[in-house]
Amino acid sequence: MVARNAFRFALISGVLFGLYSFPYAENGLSEGWIQQYLNGYAHCVGAYLRLFESSVSVHGNTVIGTASIQIVKSCDAMEAVILFAAAVLAFPAPIVRKLTALVAGVAAITCVNVIRISSLYFVLVDRPQTFEFWHLELWPLLMIVTSLVLFLLGTRFLLRGPLELSR
Amino acid sequence: VRARFLLRLFVLIVLGWVPWPGLGNLVGRVFSAFANVVAGPLARYPAAIEFRPEGPGDSFNAILSVTNRTGIYQEMLWDLRRAPYLPVAVFLAFSLAPPMRRLRPRLLVIALGVLGLPLISGLRLLLAISSDSPIRLLELPASAEFLLTMACRTLVLPPGMAYALPAMTWLALSWWLDRSALSAVVPLAVEEAVSPATLAEPVRTMRPAPRRNPGGRKTRRRTR
């Protein structure tokens with residue numbers, strides 16, 4: 001049972017990582033979508049930052065204020081999202097519950113990631129010398145822990161009620 | 001046990017994070033020696049690959065120098081902290097956090113992880129010397145190069161994988177070799193499969209429990 005779930009997890013995460021990391025054509029449709037998605041992220045971050053600093057503006061995928069940050073593909077914490085999604089989808093539970101947990105969890109990870117990027121903006125403004133540590137060491141760990149905690153909370157929801165497990 | 005495990009894990013990860021004096025230099029020396037043994041044979045004379053610690057300062061960087069067959073020479077700065085130092089430190093934290101029950105399987109898990117994780121981060125090196133550049137040393141088939149690119153983008157480049165990959169490696173290796181370590185951490189779904197009872201009896205045949213008749217009264221069988 002556990003081995004089968006682990007295999008499912010590996011398979012689903014492999015497929016999702018493959019779709020995300022695929023070297024799409026530079027000016028193709030997929031890259032266009034990804035660019036739109038990153039622009040959307042930048043607008044969310046900009047909206048959040050404007051709560052603290054009214055002069056912040058967003059141009060494409062770049063947030064400009066006292067400092068400027070560009071949202072690129074690896075800024076979207078996709079590894080945390082993919083691992084969470086694969087763990088939820090591989091979990092033996094009814095599909096409707098899995099989809100509910102998936103949507104709620106991905107939304108929560110996205111919110112945490114918006115906070116992460118916004119905090120990096122302030123790090124860049126106040127303590128630029130520590131930016132690498134926050135960007136590449138602390139926040140990635142927190143994002144992975146967030147996705148793990150959300151999954152563990154999700155398992156309570158997935159296991160609630162009568163256990164009619166769909167295989 | 002889980003709380004204790006999490007506390008130990010947290011402390012060990014923080015200890016691994018701290019840039020202790022001399023640690024960067026030590027990591028640079030150890031990694032360079034290891035990488036030169038593993039990666040050296042990839043280049044045939046007169047081509048050469050060599051890692052060396054960055055310098056006398058306490059830096060987590062190594063310098064990779066690659067010389068191709070025509071003598072073109074290039075040096076690159078190689079960040080050892082993000083990979084392989086952090087993944088190995090996190091893996092060690094996971095391996096040392098659960099209570100020690102059986103020494104030999106635990107040591108085997110540690111050895112496999114500590115040797116394997118730097119090899120995964122070495123995919124970057126393979127990609128660097130096989131991609132189309134002046135220091136190309138390996139000519140891989142297009143499919144192999146594609147797989148290498150995908151593996152590198154998936155396992156090495158995302159910053160979160162420096163933590164997720166060692167955790168998953170530890171889970172997989174412990175599941176395979178040292179299940180007693182997992183009993184300290186198993187979440188809901190795994191709990192049943194790795195409960196202490198299961199650990200004591202790895203293979204258990206499920207049979208219906210025998211019916212008991214505590215009162216000793218005779219039961220009458222109803223017939224139609």
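The values are calculated or read from the model by the stated rules, or taken from the named source; none is laboratory data. All values derive from a computational prediction rather than experimental measurement. Counting neighbours? That spans all protein chains shown, and the Cβs are built from the backbone with ideal geometry, glycine included. Note: areas computed on protein heavy atoms with side chains; ligands, DNA, RNA excluded. Shrake-Rupley method; radii C 1.70, N 1.55, O 1.52, S 1.80 Å.
Things to note:
- Around B:D132: net Lys/Arg minus Asp/Glu count, Cβ-Cβ under 14 Å: -1
- A:M1 accessible area, assembled protein chains, probe 1.4 Å, Å²: 110 Å²
- Fraction of accessible area attributable to carbon and sulfur, the range B:115-186 (%, probe 1.4 Å): 71 percent
- GluC sites (Glu not before Pro), loop per DSSP, at most 11 other Cβ atoms within 10 Å - longest free stretch of chain A: A:27-163
- The protein assembly as shown: equivalent-ellipsoid semi-axes (sqrt of 5 x gyration tensor eigenvalues, Cα, Å): 42, 29, 22
- Sparse-neighbour loop sites [trypsin sites (Lys or Arg not before Pro); the range B:46-121; at most 14 other C-beta within 10 Å; DSSP]: B:R69, B:R101, B:R102
- Ordered from largest to smallest accessible area (heavy atoms of protein chains, 1.4 Å probe), the residues B:W170, B:W17, A:W33 come out as A:W33, B:W17, B:W170.
- Cut-off 13 Å between beta-carbons: net charge of the residues surrounding B:S180, Lys and Arg +1, Asp and Glu -1: +4
- Exposure of B:W20 as accessible area (Å², to 10), given a probe of 1.4 Å and all protein chains: 120 Å²
- Each chain gives up part of its surface: B and A jointly bury about 2000 Å² of accessible area, both sides summed, for a 1.4 Å probe.
- Under 13 Å, Cβ to Cβ, from B:R44 - net charge with Lys/Arg +1 and Asp/Glu -1: 0
- Comparing Cα centroids, the range B:1-19 and the range A:13-70 end up 34 angstrom apart.
- Amide hydrogen proximity for B:N61: with H placed 1.01 Å from N in the peptide plane, the residues at 5 or more positions away or on another chain lying under 5 Å are B:E54, B:L80.
- Residue ranking by accessible heavy-atom surface, 1.4 Å probe, largest first, among A:Y20, B:Y73, B:Y163 comes out as B:Y73, A:Y20, B:Y163.
- Gyration tensor verdict on the range A:5-45 (Cα atoms; rounded if a/c is under 1.5, prolate if a/b is larger than b/c, oblate otherwise): oblate
- Here the calculated FRET efficiency for A:A6 and B:L96, from their Cβ-Cβ distance with R0 = 25 Å, stands at 0.60, rounded to the nearest 0.05.
- Span from the the range A:89-167 Cα centroid across to the the range B:58-95 one, whole angstrom: 30 Å
- Over chain A: helical MRE at 222 nm, DSSP H runs n ≥ 4 each giving -39500 (n - 2.57), nearest 500: -22500 deg cm²/dmol
- Counting every alpha-carbon pair across the range A:46-167, the share separated by more than 24 Å comes to 39%.
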